[in-house]
1. Being within 26 Å of Ser110 (Cα to Cα) and of a type outside the set (D, E, K, R) narrows it down to one residue among Phe11, Phe73, Phe47; which is it?
2. Among (1) over 29 Å from Arg50 (Cβ atoms); (2) buried (at least 16 other Cβ atoms within 10 Å of the Cβ), there is one condition Leu74 misses while meeting the rest; what is its number?
3. Among the residues of region 16-27, write down those that are surrounded by 13 or more Cβ atoms within 10 Å (Cβ to Cβ) and more than 10 Å from the chain's Cα centre (by Cα).
4. Would you please name the residue that is surrounded by the fewest Cβ atoms within 10 Å (Cβ to Cβ), looking only at residues in region 35-51 that are under 19 Å from Glu83 (Cβ atoms) and not aliphatic (A, V, I, L, M)?
5. Has region 83-101 got at least one residue that is touching a Cys at 6+ places or on another chain (Cβ under 6 Å), of a type outside the set (Gly, Ala, Ser) and over 27 Å from Arg5 (Cβ atoms)?
6. With a cut-off of at least 1 residues that are in contact (Cβ under 8 Å) with a residue 40 or more places away in the chain, name the helices (runs of 4 or more DSSP H) lying wholly within region 1-102.
Amino acid sequence: MRDDRELLPRFKCNGCGACCRWGGAVLLEEADIERLAGCMGLEVDAFIQRHTRLAPNRRQLALLDAEDGSCAFLEGDRCSVYEDRPWQCRSFPHAWSVAEGCPELDRLRSAAKKI
């Protein structure tokens, strides 16, 4: 089986929103907060109060989740702040360790097994 490093250059997000429904915290960097606040027309403090919580690592902020545990900015299968999404989201799947559950990665892995 091929290493995922060989597959990642061929990865093209299909916009299914599966990764936006996974449990865990979307950790925010200062630049993420400033960018998201700006795109929403909010002052940074207002964005923090309305859309963040203390991350499990207790060292930074994370986005709030929707009631079902998905990202609060997920609308249907689409990210409502896609152009301004956090670095953690931008780095998917390149900086992640994804065992399964991303339909596009699963498809690439399946195709690689057949070769």
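Every number in this text was worked out from the coordinates using simple rules, so none of it is lab data. If you're wondering where the values come from, they're calculated on a predicted model, not measured in any experiment. Neighbour counts run over all protein chains shown; Cβ positions are idealised from the backbone, glycine included.
1. Phe11
2. (1)
3. The one that is surrounded by 13 or more Cβ atoms within 10 Å (Cβ to Cβ) and more than 10 Å from the chain's Cα centre (by Cα): Cys16.
4. So the residue we want is Gly41.
5. There is at least one residue in region 83-101 that is touching a Cys at 6+ places or on another chain (Cβ under 6 Å), of a type outside the set (Gly, Ala, Ser) and over 27 Å from Arg5 (Cβ atoms).
6. The qualifying helices (runs of 4 or more DSSP H) are 4-7, 30-40, 87-90.
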